[in-house]
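Asks: Supplied in structure tokens, the structure appears directly below.
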Amino acid sequence: AQSVTQPDIHITVSEGASLELRCNYSYGATPYLFWYVQSPGQGLQLLLKYFSGDTLVQGIKGFEAEFKRSQSSFNLRKPSVHWSDAAEYFCAVGAKGSQGNLIFGKGTKLSVKP
Amino acid sequence: EADIYQTPRYLVIGTGKKITLECSQTMGHDKMYWYQQDPGMELHLIHYSYGVNSTEKGDLSSESTVSRIRTEHFPLTLESARPSHTSQYLCASKGTYLTDTQYFGPGTRLTVL
């Protein structure tokens, strides 16, 4: 069965520091992968997505993610974190044969220190 | 900016009441979804629809029901609310193609006393 693991429940970084959020997936074929961000009391906003092609994907707000098939990973990165990046981040995989249904990880909460 | 709306945003209600959570989108999307999200937990798909008069149950069993009479509207109903239904409910929609983005509404925070 497809699954998504986000190993870090909560991460705290200093403003201006670099960020990497980890995501590992279990999937039997080429996955479709997504990163969403959720601010408190809000819905989810898509940061970036990977379907095929270049394994380094650029997204909004200065985020990027790299698909590594050998490691079954799709880690999210940002070179310099801003206080406004504090939020919860969800990794998701497109479910097999589901016409686009998504399976989500449990999320990583990001706190930013001034 | 995604045009998908949910009402109410917050609802506190007593046990046994019937409630309907509204979700509408103006993007003409065929596919619509309902997720349940508890704090610190992943989103669980409870219902989805691939078009008018099409509804399916998701991965997480739910006592709620849905209907899809119009493309833009996908309401979720609980006939008799219980405290175990307390959660956040997120609605989403998506276009026809596999590569289309799934857009989310702001959510409804439901508390059943």
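The values are calculated or read from the model by the stated rules, or taken from the named source; none is laboratory data. Quick caveat, the model's predicted, so the values are computed rather than measured. Virtual Cβ from ideal backbone geometry, glycine too; neighbours counted across all protein chains shown. In case anyone asks, the SASA skips ligands and DNA or RNA and just uses the protein heavy atoms, side chains included. Shrake-Rupley method; radii C 1.70, N 1.55, O 1.52, S 1.80 Å.
Asks: Roughly how much of B:Arg82 is accessible, in Å² to the nearest 10, using a 1.4 Å probe?
Replies: Surface open to solvent at B:Arg82 totals about 100 Å².
Asks: Across the range B:11-113, what fraction of all alpha-carbon pairs, as a whole percent, falls in each successive 10 Å bin from zero upward?
Replies: 16, 50, 29, 5, 0
Asks: What do you get for Rg/Rh over chain A if you use C-alpha atoms and the Kirkwood form of Rh?
Replies: 0.96
Asks: Excluding ligands and nucleic acids, what accessible area in Å² is computed for A:Thr5 using a 1.4 Å probe, to the nearest 10?
Replies: Taking all protein chains as shown, A:Thr5 has close to 70 Å².
Asks: Starting at the first residue of the range A:73-79, write each ³J(HN,Hα) from the Karplus equation 6.51 cos²θ - 1.76 cosθ + 1.60 with θ = phi - 60°, in whole Hz, x for Gly and Pro.
Replies: 10, 8, 7, 9, 9, 8, x
Asks: Here is a follow-up. Quick one: how many Å² of B:Tyr5 are accessible to a 1.4 Å probe, rounded to 10?
Replies: 110 Å²
Asks: A follow-up question, please. Quote the total accessible area buried by chains A and B together, excluding ligands, DNA and RNA, probe 1.4 Å, nearest 100 Å². The partial results should precede the final answer.
Replies: On the way: alone 6270 and 6270 Å², together 10710 Å².
When A and B are taken together, about 1800 Å² of accessible area is lost.
Asks: Kindly identify residues of the range A:39-68 having a loss of at least 20 Å² in accessible area between the isolated chain and the assembly of all protein chains, probe radius 1.4 Å.
Replies: The answer is A:Gly41, A:Gln42, A:Gly43, A:Leu44, A:Leu46, A:Lys49, A:Phe51 - residues whose exposure falls by at least 20 Å² when every protein chain is included.
Asks: Net charge near B:Asn53: determine it from the other residues with C-beta under 11 Å of the C-beta of B:Asn53, scoring Lys and Arg +1 and Asp and Glu -1.
Replies: Result for the neighbourhood of B:Asn53: +2.
Asks: Quick one: net charge around A:Phe63, please, counting Lys, Arg +1 and Asp, Glu -1 for every other residue with C-beta under 13 Å from its C-beta.
Replies: Value of the local net charge: 0.
Asks: Using heavy-atom solvent-accessible surface (probe 1.4 Å) with all chains present, what is the largest-first order of A:Thr55, A:Thr12? List each step's numbers first, then the result.
Replies: Values: A:Thr55 55, A:Thr12 75 Å².
Result of the area sort, largest leading: A:Thr12, A:Thr55.
Asks: Here's something else I'd like to know. A:Gly16: net charge of surrounding residues, Cβ under 12 Å, Lys/Arg +1, Asp/Glu -1, itself excluded?
Replies: 0
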